[in-house]
Amino acid sequence: MSKEFTVPPVIFPSGGNPNTIPQRRLPTAPFQPPRSSNPNNIPFMSFDIGSSPASTSFSTPQFTTTATISATGHTNFDDELPLLEELGINTKQIWNKTVSILNPFRLKPDLHEDADLSGPFLFLMAFGLFQLLAGKLHFGIILGWVTVASLFLYVVFNMLAGRNGNLDLYRCLSLIGYCMLPIVISSAVALFVPQGGVVCFVMMGVFVVWSTRVCTRLLVELASCGDEHRGLIAYACFLIYTLFSLLVVF
């Protein structure tokens, strides 16, 4: 036995026609505040220069010159030391020491009282450069031998002088480096002399004696208790510079 169900009627909003498509509602624009009728009320939004108040104007920047700085009491750039002197490199002092070593008979020990490593480093780099031109790469060997030679001469001198010795390692390294100048000159001359000849050996002997004489006199004059051990100090210096001359010969 079939049972009947009651279905409620369907009502379309378009007036009963199911084929009609409901119209979409157009979106409305968002809320916008009403614009002011007088935009000149806001001075920073105005493009009229005359309409902005005087308080919004910027002052012209003022730059102080060097004369102004010096007038106010501050340090002037003209009074600053050169860059080399600020780094502790005195080129005039290096030049005077170099000239004094070039003349071994008129040596001025007072110029070497202020020890420095700028001149010795320059001479060692020049020595390595001349060796490089000869086809020998000895930069590391030169720096290592100078360090060992300075330690050797420092220990020998202080053992001879005892408690009265006042030779420090810094001054010892400075003196050995400056007295390397004759060896540097010999390495430059050896580029034009046949290697292994009699002339080369005689030339190297002269330059080694030159360096030994200069270094011995500087050590004796600048360090106390060195005059009585001049022979032993000269022998130690002769061994050091003979060792460097072997790099040039062989």
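For the reader, a short list of remarks on this structure follows.
- Only a single item in (1) open to solvent by 10 Å² or more (accessible area, probe 1.4 Å); (2) of a type outside the set (D, E, K, R); (3) over 35 Å from the mean Cα position of the chain (by Cα) is not met by LEU247, and it is number (3).
- Selected residue [in a helix (DSSP H, G or I), out of contact with any His (no Cβ under 7 Å at 6 or more places or on another chain) and of a type in the set (A, V, I, L, M)] from LEU173, LEU167: LEU173
- Segment 168-193 residues that are touching a residue at least 12 places away in the same chain (Cβ under 8 Å) and on the phi > 0 side of the Ramachandran plot, paired with ones that are of a type outside the set (S, T, N, Q) and assigned to a helix (DSSP H, G or I) (beta carbon under 6 Å, 6 or more apart): none
- Restricting segment 120-139 to residues that are open to solvent by less than 60 Å² (accessible area, probe 1.4 Å) and of a type in the set (Gly, Ala, Ser) leaves a set whose member that is nearest to PRO182 (Cα to Cα) is ALA126.
- When residues of segment 68-101 are limited to those that are part of a loop (DSSP other than H, G, I, E, B), open to solvent by less than 90 Å² (accessible area, probe 1.4 Å) and under 19 Å from TYR170 (Cα atoms), the one modelled with the highest pLDDT: ASN90
- In segment 164-181, the residues that are buried (at least 24 other Cβ atoms within 10 Å of the Cβ) and under 15 Å from ASN103 (Cα atoms): TYR178, CYS179, MET180
- So VAL209, is it at pLDDT 95 or above and open to solvent by 80 Å² or more (accessible area, probe 1.4 Å): yes
- Criterion (part of a loop (DSSP other than H, G, I, E, B) and either within 29 Å of ASN90 (Cβ to Cβ) or under 25 Å from the mean Cα position of the chain (by Cα) (or both)) met by exactly one of PRO182, PRO104: PRO104
- Segment 210-233 residues that are over 19 Å from SER186 (Cβ atoms) and free of Cβ contacts under 8 Å to residues at least 40 places away in the same chain, paired with ones that are open to solvent by less than 60 Å² (accessible area, probe 1.4 Å) and assigned to a loop (DSSP other than H, G, I, E, B) (beta carbon under 6 Å, 6 or more apart): VAL220/GLY226
The values are calculated or read from the model by the stated rules, or taken from the named source; none is laboratory data. This one's a predicted model, so the numbers in the text were calculated from it and none came from an experiment. In this analysis, Cβ positions are derived from the backbone assuming ideal geometry, glycine residues included, and neighbour counts consider all displayed protein chains. Side chains are part of the model used for accessible areas, which takes the heavy atoms of the whole protein and leaves out ligands, DNA and RNA. Shrake-Rupley method; radii C 1.70, N 1.55, O 1.52, S 1.80 Å.
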